[in-house]
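The values are calculated or read from the model by the stated rules, or taken from the named source; none is laboratory data. These figures come from a predicted structure and were not determined experimentally. Virtual Cβ from ideal backbone geometry, glycine too; neighbours counted across all protein chains shown.
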Amino acid sequence: MQKFLEAILSVLEALLGALGTLGTKKSVTPTPGAATCVLDTTLIKEFEGLRLEAYRDSVGVWTIGYGHTSTAEEGMRITLRGAEELLRHDLRWVEEAIKKNVRVPLTQNQYDALASWVYNLGETNLRRSTLLDKLNAGDYSGAGQEMLRWNKAGGKVLKGLTRRREAEVALWTR
């Protein structure tokens, strides 16, 4: 298991390093009205995958592109450009959710990890989570560890979600 996690971390480091964000410690303050930082979508794209034809996800929700659900429906097809546009659209609500709910500064890596988590789980789960409580209390380590608890869909632990949460925590702690 340790070698598997090290391999995942190595891949993530290579991907993030190529984008120039690995190790960035720039503080991002997601307060209402603040300018949005540049979000690295590598983690989101890696774990959501790209599907140009709508499909049902593990809990039966119609999904297309990079995990887009709000307008996906049976028989829908899009282009790569369309998938990128849907992702940009979806990231707007993710960024707004972070700005609205997080009251402490984040590093770029923490912001990117949290954005991946919120993209996957939604604002309601963020707002109701112990993760947010710990984060807003300044317990960054505890908040990062809370991410790991969110590895279930339909009440079942999914290996893909476990890997995603581990990757988010690895990025969070960088």
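General observations
One line per residue, one yes/no per condition, for (1) of a type in the set (Ser, Thr, Tyr); (2) crowded, with 20+ Cβ neighbours inside 10 Å; (3) modelled with pLDDT under 95:
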site: ALA35; (1), (2), (3): no, no, yes
site: GLU46; (1), (2), (3): no, no, no
site: VAL104; (1), (2), (3): no, no, no
site: ASN109; (1), (2), (3): no, yes, no
site: ALA113; (1), (2), (3): no, yes, no
site: LEU126; (1), (2), (3): no, yes, no
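- Failed item in (1) in a loop (DSSP other than H, G, I, E, B); (2) under 18 Å from GLU168 (Cα atoms); (3) modelled with pLDDT of 70 or more, with VAL59 passing the rest: (2)
- Taking the range 123-174 as the range and being under 12 Å from VAL102 (Cβ atoms) and among the aromatic types (Phe, Trp, Tyr) as the test, only TYR140 passes.
- Some residue of the range 72-81 being surrounded by fewer than 17 Cβ atoms within 10 Å (Cβ to Cβ), out of contact with any Cys (no Cβ under 9 Å at 6 or more places or on another chain) and closer than 16 Å to THR41 by Cβ: yes
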